[in-house]
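Structure, as structure tokens:
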Amino acid sequence: MSESIEAGPAQHRLFFALWPDDALRQQIERNTCQAIKEAGGRRIPAGNFHVTLVFIGEVPEQQVAGVIAAACEVRAQPFALTLDMLESWTGADVLVYSGEQAPPALGALVDRLRISLLRHQFKLQRQTFKPHITLVRRLPRRLPKRPLAALQWPVSDFALVESRGGPDGSIYTVIGRWPLA
Ligand code: 2AM
């Protein structure tokens with residue numbers, strides 16, 4: 001058997017996300033650093049903070065263009081996202097910075113991304129969407145839900161991101177960004 005058959009086609013682990021700029025990342029760090037210290041577990045580096053919109057999963061190399069085409073067809077309005085709660089989710093054992101009130105335009109963006117991906121023949125898991133940034137994984141104990149300093153995020157685009165496993169956790173690479181208008 002040849003090497004290429006054994007290795008199989010290259011796969012890319014992809015997801016759509018809201019990707020904060022550096023100033024927002026610093027603000028997220030400021031708002032959450034005390035809670036993260038108290039929580040224990042494995043902290044997510046500030047450079048990896050994001051809000052997942054749609055998790056796509058493993059995509060063969062030759063189908064990545066289809067994901068990009070699906071993104072290009074999405075039209076959605078800009079919106080303001082507020083994150084203002086700290087919660088731990090059991091099962092996933094994560095600590096998250098979440099928003100109680102998802103703006104309708106955010107729900108519409110997620111729906112349109114999903115519909116566009118389905119039109120391009122991508123199969124998606126059922127996912128209940130609640131906007132959040134994962135702060136800590138392998139949380140050692142559940143913490144009571146509580147309000148946190150609010151982050152006001154004016155969202156004007158969305159991103160397609162590739163995730164690869166690294167020695168110290170996930171390495172994310174932004175493949176493309178699309179404006180909301
Ligand atoms: P999370 O932050 O809520 O854990 C990249 O891996 C992103 O996709 C992560 O932010 C993660 O969301 C989400 N993700 C990873 N694996 C997933 C899966 N199997 N199902 C749904 N979302 C997943």
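The values are calculated or read from the model by the stated rules, or taken from the named source; none is laboratory data. As the structure is a computational prediction, the values presented were derived from the model and not from experiment. Positions of Cβ are generated from backbone atoms using ideal geometry, with glycine treated the same way; all protein chains shown enter the neighbour counts. SASA here: full protein model, heavy atoms, side chains in, ligands and nucleic acids out. Shrake-Rupley method; radii C 1.70, N 1.55, O 1.52, S 1.80 Å.
Brief remarks on what is shown
- Here the convex hull built on the C-alpha positions of segment 77-157 has a volume of 107 cubic angstrom per residue.
- Mean-square fluctuations from a GNM of the chain, with a 10 angstrom spring cutoff on Cα atoms, peak among Arg146, Arg112, Arg43 at Arg146.
- Projecting the alpha carbon convex hull of segment 3-58 along each direction and taking the average yields 5.9 nm².
- For segment 137-181, the square roots of the Cα gyration tensor eigenvalues, ordered a ≥ b ≥ c, give a/c of at least 1.5 with a/b no greater than b/c, which places it in the oblate category.
- Distances between placed amide hydrogens fall under 5 Å for His50 paired with Thr134, all partners being 5 or more residues away or on another chain.
- Phi angles across segment 147-158 convert, under the Karplus curve 6.51 cos²θ - 1.76 cosθ + 1.60 with θ = phi - 60°, into 3J(HN,Hα) values of x, 10, 3, 7, 9, 9, 10, x, 8, 10, 7, 10 Hz, Gly and Pro given as x.
- Per residue accessible area in Å² of segment 1-156, where ligands, DNA and RNA are left out and the probe is 1.4 Å: 55 Å²
- J(HN,Hα) series, segment 69-86, from Karplus relation 6.51 cos²θ - 1.76 cosθ + 1.60, nearest Hz, glycine and proline x: 4, 4, 5, 4, 7, 7, 10, 8, 8, x, 7, 10, 10, 10, 10, 8, 10, 10
- When segment 91-181 is described by a simple charge dipole with +1 on each Lys and Arg Cβ and -1 on each Asp and Glu Cβ, the residue from Leu160, Ala150, Val94 located farthest towards its positive end is Val94.
- Lysines with Cα under 23 Å of Lys37, excluding same-chain neighbours fewer than 8 positions away: Lys145
- Dipole of segment 1-141 [Lys/Arg +1, Asp/Glu -1 at C-beta], most positive-end residue of Leu117, Val64, Leu139: Leu139
- 17 Å Cα-Cα reach of Lys123 towards aspartates and glutamates, excluding residues that sit fewer than 8 places from it in its own chain: Glu58, Glu61, Asp111
- Taking a ≥ b ≥ c as the square roots of the eigenvalues of the alpha-carbon gyration tensor, segment 1-107 is classed oblate because a/c is 1.5 or more while a/b is no larger than b/c.
- Cα gyration tensor, segment 67-107 - rounded (a/c under 1.5), prolate or oblate: oblate
- Per-peptide average of other Cβ atoms within 10 Å, ordering 34-41, 138-145 highest first: 34-41, 138-145
- Kirkwood Rh in Å, taken over the chain so that all alpha-carbon pairs contribute: 17.4 Å
- Our note on the geometry: Cα centres of segment 19-33 and segment 104-181, 15 Å apart.
- Summing Cβ point charges (Lys, Arg +1; Asp, Glu -1) relative to the Cα centre of segment 22-181 gives a dipole of roughly 400 debye.
- Per-atom-type breakdown for the chain gives carbon and sulfur 51% of the accessible area (1.4 Å probe, protein chains only).
- Computed from phi, the 3J(HN,Hα) profile of segment 166-181 under the Karplus parametrisation 6.51, -1.76, 1.60 (θ = phi - 60°) reads x, x, 10, x, 6, 10, 9, 10, 7, 8, x, 9, 10, x, 9, 8 Hz, with x in place of Gly and Pro.
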